[in-house]
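To keep things clear, I will list the structure first and then write my remarks on it.
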Amino acid sequence: MTEVFDIAVVGAGIAGASLATELAVQGAGRVVLLEAEDAPGYHTTGRSAAFWEECYGGPDVVPLTLASGPWLREHGFLAPRGALYVGQASDEDSLDGFMETFAGSGVSIERLGPSALAERLPGVRGEFSGAVWEPACADIDVAALHQHYLGQAKRAGVELKTRWRATVAEREGEGWRLENDRGDALRVAVVANAAGAWADSFAELAGSRALGIQPLRRTVAQLRTFPAPPVDLPLVLDIAGRFYFKPESGRLWLSPHDEVPSPPCDAAPEELAVAEAIDRFERVVDWQVRAVERKWAGLRSFAPDRLPVYGFDPLVKGLFWFAGQGGFGIQTAPAAARLAAQLLLGREPDAMTERLDPALYAPSRFNPAGLGTDKS
């Protein structure tokens, strides 16, 4: 028997879970959330370094982050952390350029000299002489946020189907027929592509074209150090993009800030990336690394211009994109999902989304030679 729904959301990570929730609470009708794995959030969502950082993603992502911040705070998903972008003497121009890039964007940042940097980063080596301080940076309780959306979706009537990997996605009349490898079938009016690293693959399955959304592997290691990181240590990021680290339950989470192109897969860490991260870390502070306790990797998927993709496909009717959200998909989830649901359902912006420009994120920006038009 073929089940019938109004909207199918493909992918139940933070993107799919938040979008399905917003669709349901905005009255979209019957919504089904399809997850290929045994449980939602197995891939990128479950492997996040878990911070809300105003500047991450650049000036055109800042509005999504700032619009999401109040909701995340009010619902208890953020804990104060602060962030330091640090640099050596040779990085002074980069630090100044960072300040200029985000001037007038609404983020709170200030330039620090050597003494102020040393106060916030104990043991910092003398080569690192300047920083940009971002006081609003916060930790995100990613697991709680994801479960909140899944729970709210369920209460709003969304049906979650796990182990449901689409192998057929074809137009049937005015809607879609979806089928998995077991022969289970669904009929839906609209399909929302929130498949993360698999977004391009699903688009091609649905008869559209890939937009060039590239998964990039990011490695993180948990270290035991001496001294142990102070509980109030900020998130520390290299202004040149060579590392970042933050405290977590008495340990240190460290990444070499790697971005290695990868096919969509169950990403695994590489020893060389961990070794590079430790080498870079030991050049920043005089702490000792006593042990690597665990390591993991996840995929961050970016469109060619590194902005997210929200909106109807310009070539295939009834196919909606909610993808390409890189490493900022969690910190922007509330505003991004609200905006995407409004676009899909043809609703007006509200207080959270009224200052967002959906044209920045439209899939039609990649449309070759203007072929086709956005079709709901």
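Coordinate-derived values only; no laboratory data. Owing to the predicted nature of the structure, the values given are computational and were not obtained by experimental measurement. In this analysis, Cβ positions are derived from the backbone assuming ideal geometry, glycine residues included, and neighbour counts consider all displayed protein chains.
Using a Debye calculation, one point per C-alpha and no hydration shell, please list log10 I(q)/I(0) for region 72-207 at q = 0.14 Å⁻¹ in order.
Here log10 of I(q) over I(0) equals -0.82.
Let's test this: bin the Cα-Cα distances of region 127-276 at 10 Å from zero up to the farthest pair and state each bin's percent.
8, 24, 28, 21, 14, 4, 0
Please work out the C-alpha center-to-center distance from region 1-70 to region 138-194 and express it in whole Å.
Distance between centres, Cα-based: 10 Å.
Place a point 7 Å from Cα of Val292 in the direction of its Cβ. Which residues in region 234-266 have their backbone N less than 15 Å from it?
Flagged as within label range: 252-258.
Which whole number of Å³ per residue matches the convex hull of the alpha-carbon atoms in region 1-159?
Per-residue hull volume (Cα only) is 141 Å³.
Can you tell me the order of 15-27, 225-237 when each peptide is scored by its average per-residue count of other Cβ atoms within 10 angstrom, highest first?
Taking the mean over residues of other Cβ atoms within 10 Å, the ranking is 15-27, 225-237.
Defining a contact as two alpha carbons under 8 Å apart and six or more residues distant in sequence, what relative contact order in percent does the chain show?
Once normalised by length, the contact order is 22 percent.
With a Förster radius of 30 Å, plug the Cβ-Cβ distance of Arg177 and Asp38 into 1/(1 + (r/R0)^6) and report the FRET value to the nearest 0.05.
So, using R0 = 30 Å, E works out to roughly 0.75.
Test of understanding: express the Cα radius of gyration of region 277-376 as a ratio to 2.2 N^0.38 Å, with N the residue count.
It is 1.53.
Taking one equal scatterer on every alpha-carbon of region 220-320, how large is log10 of I(q)/I(0) by Debye at q = 0.10, 0.16, 0.21 1/Å?
Once normalised to I(0) and log-transformed, intensities are -0.38, -0.75, -1.10.
Note down the relative contact order for region 130-274 as a percent, whole number, built from C-alpha pairs under 8 angstrom at least six residues apart.
Numbers: 182 pairs, mean separation 23.0, N = 145.
Relative contact order comes out at 16 percent.
By how many nm would the segment from Asp60 to Arg111 grow when fully extended, if each residue of separation counts as 0.36 nm and the alpha-carbon distance is taken off? Can you show the working numbers first?
On the way: separation 51, 0.36 × 51 = 18.36 nm, distance 2.18 nm.
Gain on extension, Asp60 to Arg111, equals 16.2 nm.
Let me know the charge dipole size of the chain about its Cα centre in debye, to the nearest 20, where only the beta-carbon of Lys, Arg (+1) and Asp, Glu (-1) is charged.
Roughly 760 debye, rounded to the nearest 20.
Summing Lys, Arg as +1 and Asp, Glu as -1, what charge do residues with Cβ under 13 Å from the Cβ of Trp198 carry, Trp198 excluded?
On the way: positive: Arg165; negative: Glu35, Glu37, Asp200, Glu204, Asp266.
Local charge sum for Trp198: -4.
Please compute the Cα-Cα pair-distance distribution of region 107-187 with 5 Å bins starting at 0, giving whole percents from short to long.
3, 11, 11, 9, 9, 9, 7, 6, 6, 8, 9, 8, 3, 0
With runs of 4+ DSSP H residues as the only contributors, calculate the mean residue ellipticity of the chain at 222 nm using -39,500 (n - 2.57) per run, divided by the residue total and rounded to the nearest 500.
-7000 deg cm²/dmol
What FRET efficiency, computed as 1/(1 + (r/R0)^6) with R0 = 22 Å and r the Cβ-Cβ distance, is obtained for Asp266 and Lys161, rounded to the nearest 0.05?
The computed FRET efficiency comes out at 0.60.
Rg(Cα) of region 240-282 divided by 2.2 N^0.38 Å?
Cα Rg divided by the expected 2.2 N^0.38 Å: 1.27.
Treat the chain as a sphere of radius equal to its Kirkwood radius over Cα pairs and apply Stokes-Einstein at 25 °C in a medium of 0.890 mPa s; give the translational diffusion coefficient in µm²/s, rounded to a whole number.
Taking Rh from Cα pairs, D becomes 115 µm²/s.
Determine the equivalent ellipsoid of region 65-135 by diagonalising the alpha-carbon gyration tensor, then write out the semi-axes as square roots of 5 times the eigenvalues, largest first, rounded to whole Å.
26, 16, 7
Can you give the FRET efficiency for Ala185 and Arg73, using 1/(1 + (r/R0)^6), R0 = 35 Å, r = Cβ-Cβ distance, to the nearest 0.05? Display every interim value, and only then the final one.
Numbers: r = 43 Å, r/R0 = 1.22.
Here the calculated transfer efficiency is 0.25.
So for the chain, if I pair up every lysine 8 or more residues apart or on another chain, how many of those pairs have alpha-carbons under 28 Å apart?
On the way: Lys154/Lys317; Lys161/Lys317; Lys161/Lys375; Lys246/Lys295; Lys317/Lys375.
Count of close lysine pairs: 5.
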